[in-house]
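What follows is a short report on a single structure.
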Amino acid sequence: MSGSSIRRPVVAPSGSYASVVAGQAQPRLYSDGITHNGTGVHPRYLSNFNFAGSNGYTSGPQQHSIRQPITVPSYLAESSYAERLASSSAVFNPIPTPPPSLTIPGKLPQTHRGLAYDIIENVPGDEEALTPLPTRWNESDKCPGIDLLNDGLEVKFVGPQKVSDNDAAAVRADQFMPPQCGIFYYEITVVSKGKEGLIGVGFCTKKVPLNRLPGWEPESWGYHGDDGNSFCCQGTGKQYGPQFSTNDVIGCGVNFRTGTAFFTKNGLFLKTAFRDIKSTKLYPAVGMKRPGEHIRVNFGQERFVFDIDGYMNEEKAVVYKEINSHPTVGLCPVMDEAALIQALVAQYLAHDGYVDTARAFSADVQSEARALVSGREENTKTLELKEDGDAINRQRIRSAILDGDVDHALKFTKQYYPSVFKNNEQIYFRLRCRKLVEMIRQFAETVHEPPMRNGHDETMVDVFAQDMEIDDSANSAAEWEKMDVEDEYGSIGPGTGGQVKSALDAAVEYGRQLRLDFQTDTRPEIRKALEEAFSLLAYTDPKNSVLAHLLDEKGRISVAEELNSAILVSLGKSPAAALERLVQQSTVLINEISEDGGPGAFVNLSNDYLKG
């Protein structure tokens, strides 16, 4: 899988909707009634939003930077590491652990997820502790005598020539290889071997001096092209593989589970080069000695020559074989494995308000049990479900959010559970942010897609045709009773430019009001959510922008689950079903045992077990 290049930042023009929502400019309309900035493409960055920077954001009166999209190599795409890396930069999806000031008194901070979505229990500080992937060679961590080209992806020896056999010039990558990956792999292409091909490829710790080739010093390992030897922490090498020359592609991989390293040449696995590797902070490194020597690195931004995906799958198979061989007898002494799973699923469905599904599931289980004992005198144990009077109300609220109808979710919550928003200000804020996202999403579908029809063959209603009311500030509890929602919906297809303009104007006005309501809120999570929501307004086609993930319908699920959990807590019930807690705890434990690259690094609970 080829990685995508990272886009360059561009400041929003004064005529874009980014400036309009900030109150700095008026929109320019073309004959189609749609606002453009004169280029046809809106930028990644919003201007004129005065929020203090935090959590990787740059603050300033003119520009706010948004995190760069993360390119993950194909062999890590389904890993728990990649999932955690992505979650650390998401806003609406997944949910960050709320700070103590936003939690219900007497309750521990929690992350609430339903099984319909990827379930992750975020440990406080987990995002900060997760090491990003190496992406380029480090300009600040190289020996004089070599130049970095092509945005740090190429290394070239420019001299002076090293006269001593012990002299060389090396460079380390910008990040160390995260053990949480389980396996890290990269490749270099020899652009030119020079005269002698004195090029070394490998890895080392931060303390290794950079005037030596990889492998010549303690805590340094390398494979050299001039003689094909491998060097393990000393200047004396061992015969390992073939020499390499111009146009050869050499790969280097570290398996943190087994503590071994290997190399490849032109897509062929050579053999294990090193064993008993104990260090965890290992940096990719390359070194050279003579003028003309020149290499280019691939950290996953392009397709690898070696089938590293197959190698990763083989390693995962070993881990899963061990997991599957573990006996399940004794997990629950009063139930066998099948009965335990059925009970967990039934309790989850009932707990989260899927009333009809829970009843149907129970009936199917009982029917299957009766069929198995047919003709035998044997009592069947029935799967009993406890009726929950609030389940129908909670399901009604959930359904509204999942349909993108945030207004009705707000109305129903206020009607059935008036204290929930007062005690959970952040949930109310997230719902309002989600409403803005839904408005932008519907606008994008109206402009750039043909009319959509739902499962009942009815034209999808558009949130913009209703009489929208700007919700009052979340900071004033006395204003809750003023909230109202219209029940009448209209629909607009790819109609006139006036309709499109009205829809976009409604989103812009709502965004402006949301910004005003929370402009004095200094909490990082609030500022971050506002910035990313507003960024969507800077695109003519947000569904094809770098922030398109914010428009994903999956984002509705996390909001619905968090609100459902808050309602349950307000009723004195557990905020999560037993199955959810089991998955959350298992995920935390897997992450813990993957920190040093152990077997847990090869397990992704959501991808490998929970996705149908």
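So the values come out like this:
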item: Under-5 Å amide H pairs with ALA285, H placed in peptide plane, nonlocal only; result: GLY202, PHE203, CYS204
item: Percent carbon-and-sulfur accessible area, the stretch 137-321, ignoring ligands, DNA and RNA, probe 1.4 Å; result: 46 percent
item: Eligible lysines near LYS435 by straight Cα distance, threshold 28 Å, same-chain separation 8 or greater; result: LYS107, LYS411, LYS414, LYS422, LYS482, LYS501, LYS528, LYS543, LYS554, LYS573, LYS611
item: Residues of the stretch 170-283: accessible area per residue with a 1.4 Å probe, Å²; result: 37 Å²
item: Length added when fully stretched, TYR320-ARG359, from 0.36 nm per residue minus Cα-Cα; result: 10.7 nm
item: Total charge dipole magnitude, the stretch 137-321, about the Cα centre, Cβ charges on Lys, Arg, Asp, Glu only, Debye to nearest 20; result: 400 debye
item: Exposure of VAL546 as accessible area (Å², to 10), given a probe of 1.4 Å and all protein chains; result: 30 Å²
item: Accessible area of LYS156 in the full protein assembly, 1.4 Å probe (Å², nearest 10); result: 80 Å²
item: Difference of contour (0.36 nm per residue) and Cα-Cα distance, ASN150 to LYS422; result: 92.6 nm
item: Cα-projected label distance for ASN247 with ASP505, points at 7 Å along beta-carbon direction, nm; result: 6.4 nm
item: Modelled label reach - LEU340, point 7 Å along Cα→Cβ, the stretch 561-601 residues with backbone N closer than 12 Å; result: none
item: Distance cut-off 26 Å, percentage of C-alpha pairs in the stretch 137-321 lying past it; result: 22 percent
item: Difference of contour (0.36 nm per residue) and Cα-Cα distance, THR280 to LEU571; result: 100.1 nm
item: Table column - 3J(HN,Hα) (Hz), the stretch 234-247, Karplus curve with 6.51, -1.76, 1.60, x for Gly and Pro; result: 7, x, 9, x, 10, 4, 10, x, x, 5, 10, 9, 4, 6
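The values are calculated or read from the model by the stated rules, or taken from the named source; none is laboratory data. In this text, all values refer to a predicted model and were calculated from it rather than measured experimentally. So basically every Cβ, Gly included, is an ideal-geometry build from the backbone, and we count neighbours across all protein chains shown. For the accessible areas, the whole protein counts, side chains as well, though only heavy atoms, and no ligand, DNA or RNA atoms are used. Shrake-Rupley method; radii C 1.70, N 1.55, O 1.52, S 1.80 Å.
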